[in-house]
1. Measuring from label point to label point, each 7 Å out along Cα→Cβ, what is the residue 50 to residue 1 span in nm?
2. Quick one: give the max-minus-min coordinate of the C-alpha atoms of the stretch 3-100 along each principal axis, largest first, in Å.
3. Length gain on complete extension for the stretch residue 37 to residue 87, per 0.36 nm per residue less the alpha carbon to alpha carbon distance?
4. How many Å³ per residue does the convex hull of the Cα positions in the stretch 17-73 occupy?
5. Please tell me the relative contact order of the stretch 3-100 in percent, rounded to the nearest whole number, where contacts are Cα pairs under 8 Å and at least six residues apart.
């Protein structure tokens with residue numbers, strides 16, 4: 001499903017709208033995610049929080065501490081049962097297919113490290129100067 005993310009300020013407050021239906025994703029007082037045609041209420045505004053692991057969490061502006069979350073099967077979780085550290089809350093930003101970025105992609109740089117104990121022992125024993 002295509003989603004349109006609208007920002008109301010330069011801050012991190014967003015509203016999410018379905019492209020096909022025009023409904024906004026909102027949270028009701030029980031913590032359920034619902035769709036509304038009019039997304040102007042505070043229950044339809046989410047605050048983007050960038051976490052330490054570079055994922056994004058979407059906290060509801062009306063209900064502090066309640067986050068938008070989906071299970072592994074794609075079902076929505078109640079906001080009242082979510083916490084910031086839970087995996088269901090973590091989202092990644094992705095560009096749409098065919099979207100060109102301004103900076104060119106760089107190839108991965110591979111570094112050769114001795115990853116196991118045996119290669120470290122062999123390396124250290126060969127580098128020692130014998131008597």
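Just so it is clear, none of the values below were taken in a lab; they were calculated from the coordinates. Predicted model only: the values in this text are computed from it and were never measured. FYI the Cβ positions are ideal-geometry reconstructions off the backbone, even for glycines, and counts take in every protein chain you see.
1. If labels sit at residue 50 and residue 1, their model points lie 2.8 nm apart.
2. 38, 33, 30
3. 15.1 nm
4. It comes to 105 Å³ per residue, whole-number rounded.
5. 19
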